[in-house]
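Here is the structure we will look at.
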Ligand SMILES: [Fe+2]
Ligand SMILES: [Fe+2]
């Protein structure tokens, strides 16, 4: 596959999962925003598309072919992978980050009151969206896919895609509020750990949503 500025971000991530390291490095959304050409995604983040292509090529070099490919794995294996790698850790991580965000706001309210208040409220929105979202995937959609009835799941898939979109926008907002997770000089350890945890949450959600939107759902629906 030839990668250049015209290639869609989501296609690059599907064909070469290792490219998502570069996307994560630059905060490029390849799951919900995956439908746009790379050049456009770079422009909206003020990045030089040629340099990003070069970095992707570098990542591909020694690893090409060794990465896990979910494009042709059996669908029940892909569902099991999503549950184990993303859903289970998220259920522990979401309350942990909430406690940290509350603590940082409580202790440092005097330093950055507006930013920390908005951060907590956007974060709580993400958490309140994701918990029932995963429940619906686990109780309704994934069992249909595992029974081989994914082709009947147009409705649930459309709802899941919309919910992914909402979470994707909220993650973007968190990145803006935190100035790309730049740690303020006066930040305490909990504050630092919160920034690190939120950046890791974003990285893992981008991978998670990408696998659902661009690999699992199209395959289950038989697109
Ligand atoms: Fe999920
Ligand atoms: Fe999902």
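Each value in this text was obtained by applying a stated rule to the coordinates, not by laboratory testing. If you're wondering where the values come from, they're calculated on a predicted model, not measured in any experiment. Cβ: placed from backbone, ideal geometry, glycine included. Neighbour counts: every protein chain shown.
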Inset, instruction - Sort 81, 206 so the one with the fewest other Cβ atoms within 10 Å of its own Cβ comes first. - result: 81, 206
Legend entry - Average Cα contact separation per residue, the chain, under 8 Å, 6 or more apart, as relative contact order %: 27 percent
Inset, instruction - May I ask for the percentage of alpha-carbon pairs in the chain that lie more than 26 Å from each other? - result: 40 percent
Inset, instruction - Starting from the Cα of residue 172, move 7 Å in the Cα-to-Cβ direction to define the label point; list residues of region 9-25 whose amide nitrogen is under 19 Å from there. - result: 9-13, 23-25
Inset, instruction - Please tell me the relative contact order of region 1-66 in percent, rounded to the nearest whole number, where contacts are Cα pairs under 8 Å and at least six residues apart. - result: 40 percent
Legend entry - C-alpha long axis of helix 113-136 to longest principal axis of the chain, angle in °: 30 degrees
Inset, instruction - Tell me the label-point distance for the pair residue 179, residue 109, using the 7 Å Cα-to-Cβ offset, in nm and rounded to one decimal. - result: 2.4 nm
Inset, instruction - Counting only C-alpha contacts under 8 Å and six or more residues apart, can you give the relative contact order of region 85-204 as a whole percent? - result: 33 percent
Inset, instruction - Any chance you could run the full-extension gain for residue 118 through residue 69? It's 0.36 nm times the residue separation minus the Cα-Cα distance, nm to one decimal. - result: 13.8 nm
Inset, instruction - Put one equal scatterer on each alpha carbon of region 114-223, apply the Debye formula with no solvent term, and list log10 I(q)/I(0) at q = 0.11, 0.16, 0.19 1/Å to two decimals. - result: -0.43, -0.75, -0.94
Inset, instruction - Please give the calculated 222 nm ellipticity per residue for the chain, where each DSSP H segment of at least 4 residues contributes -39500 (n - 2.57) and the sum is spread over every residue; nearest 500 deg cm²/dmol? - result: -20500 deg cm²/dmol
Legend entry - Ascending count of other beta-carbon atoms within 10 Å, so fewest first, for 30, 123: 123, 30
Inset, instruction - Grab the Cα-Cα distance for residue 161 and residue 96, subtract it from 0.36 nm times how many residues apart they are, and report the gain in nm with one decimal. - result: 20.8 nm
Inset, instruction - Provide 217, 151, 142 in ascending order of the number of other Cβ atoms located within 10 Å of each residue's Cβ, fewest first. - result: 151, 217, 142
Inset, instruction - Would you please report the Å³ per residue occupied by the convex hull of the alpha carbon atoms in region 1-101? - result: 128 Å³
